[in-house]
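Here is the structure we will look at.
The values are calculated or read from the model by the stated rules, or taken from the named source; none is laboratory data. Just so we're clear, the structure is a prediction, and the values are computed from it rather than from any experiment. Glycine gets a Cβ as well: all are built from the backbone with ideal geometry, and neighbour counts include every protein chain shown. The area values use the complete protein model at the heavy-atom level, side chains included, leaving out ligands, DNA and RNA. Shrake-Rupley method; radii C 1.70, N 1.55, O 1.52, S 1.80 Å.
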Amino acid sequence: MPRSIRSPFAPRPAIRRADAGLPHADVAGTAADETWPAPPGAWLLMMEARAPWELAALLAVSPWLHRMPAGDGHPVLVFPGLGASDASTLAVRQFLQRQGYTPYAWEQGFNLGPRPGVLERCRARLDVLQRRHREKLSLVGWSLGGIYARELAKEAPGQVRCVVTLGTPFSGHPRSTNAWRFYELVSGQQTHDAELLAEVRRPPPVPTTSIYSRSDGIVAWECSINPPGHPQTENIEVHASHLGMGMNPLALYAIADRLRQDPAQWRRFDVAGARRWFFKVAHQPAALVDAY
């Protein structure tokens, strides 16, 4: 009989803490049989090769994107993903500038993880830009850069207007990604600090948007879901690769729409009208769908 083929976009089988070769509980409340989503499979990983086509799509629809309402000019600090530099965020920063915002690069070279001094320099850059503009900044982070954005917003909520993350694995375990070995190699850090992971999962006290893709070949999409119960968090699904998300026209459209929100009157992304053909705003589990 022919073997059944499971959709690459379906939720993946969970992996147990013990099966992952991790030690038993690091802190109270973490059990050895705790499970996380398995990382994306080989098919989704191969689909990351479509990233150049996402850049081509961005160039093709740029005239349409430029018709979006202009921004208010507020500053936006953009963080690159693991192993990437400011060159990787050039497309999103140029787009934001054309939309009327004032984007800034993180200016720390390649992102090799939160090594000593990295987060301190991120905080110092936030301080400098906030004093320069005398207003709150929006923070946009791609993949690991989204972790930095979320943590900065927790440390300095008075300086942050909103947070937008792209394919950021904040709600799962690093080993639910295909990049955890590279992360440990370049950062010199381990990925099974349960206390740290619990802190990363906690959402910032500012409007926070997670843009994710079920066809992400690097990060299990389930790890990019803000949990229900927080009035200022949301999840927006787009069709994108992980490596191309920062130049995907749908992701950029969602970023610009979120940055236009007044934090005092923030509302979740609306998928009424034609948007429903391109975006989703809730996903499994059912409790998350009900929260919207």
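For the stretch 150-198, what does the accessible surface come to per residue with a 1.4 Å probe? Please give it in Å².
Working: 1850 Å² over 49 residues.
Counting only protein heavy atoms, the per-residue value for the stretch 150-198 is 38 Å².
What is the sum of charges, Lys and Arg at +1 and Asp and Glu at -1, for the other residues whose Cβ falls under 13 Å from the Cβ of residue 144?
Details: positive: 115, 150; negative: 151, 184.
With Lys, Arg at +1 and Asp, Glu at -1, the neighbours total 0.
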Q: Please give the contour-minus-distance gain from residue 193 to residue 134: 0.36 nm per residue of separation, less the Cα-Cα distance, rounded to one decimal in nm.
A: 17.6 nm
Q | Of all DSSP beta bridges in the stretch 47-171, antiparallel share, percent nearest 5 | A | 0 percent
Q: Quick one: check the C-alpha center-to-center distance for the stretch 89-109 versus the stretch 129-192, whole angstrom.
A: 16 Å
**Q.** ³J(HN,Hα) computed for each position of the stretch 167-176 - Karplus, 6.51 cos²θ - 1.76 cosθ + 1.60, integer Hz, glycine/proline x
**A.** x, 8, x, 8, 10, x, 10, x, 7, 8
**Q.** Distance histogram for the stretch 126-179 (every C-alpha pair counted, 10 angstrom bins, percent rounded to whole numbers)
**A.** 25, 47, 20, 7
Q | Kirkwood estimate for the stretch 40-105, i.e. one over the average of 1/r between Cα atoms, Å | A | 13.6 Å
Q: Go through 218, 255 and list them by solvent-accessible area, largest first, probe radius 1.4 Å.
A: 218, 255
Q: Would you kindly work out the equivalent ellipsoid of the stretch 127-252 from its C-alpha gyration tensor and give its semi-axes, the square roots of five times the eigenvalues, largest first in whole Å?
A: 23, 18, 15
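For the stretch 232-286, what number results from the quotient of the Cα radius of gyration and 2.2 N^0.38 Å? Write out the running numbers ahead of the final one.
Numbers: Rg = 11.8 Å, N = 55, 2.2 N^0.38 = 10.1 Å.
Taking N as the residue count of the stretch 232-286, the ratio is 1.17.
If we count every other residue with Cβ under 11 angstrom of residue 224's Cβ, Lys/Arg +1 and Asp/Glu -1, where does the sum land?
Working: positive: 214; negative: 216, 222, 237.
Around residue 224, the surrounding residues sum to -2.
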**Q.** Within-10-Å neighbourhood charge of residue 246 [Cβ basis; K, R +1; D, E -1]
**A.** 0
Q: Counting only DSSP beta bridges with both residues in the stretch 158-260, tell me the antiparallel percent, nearest 5.
A: 10 percent
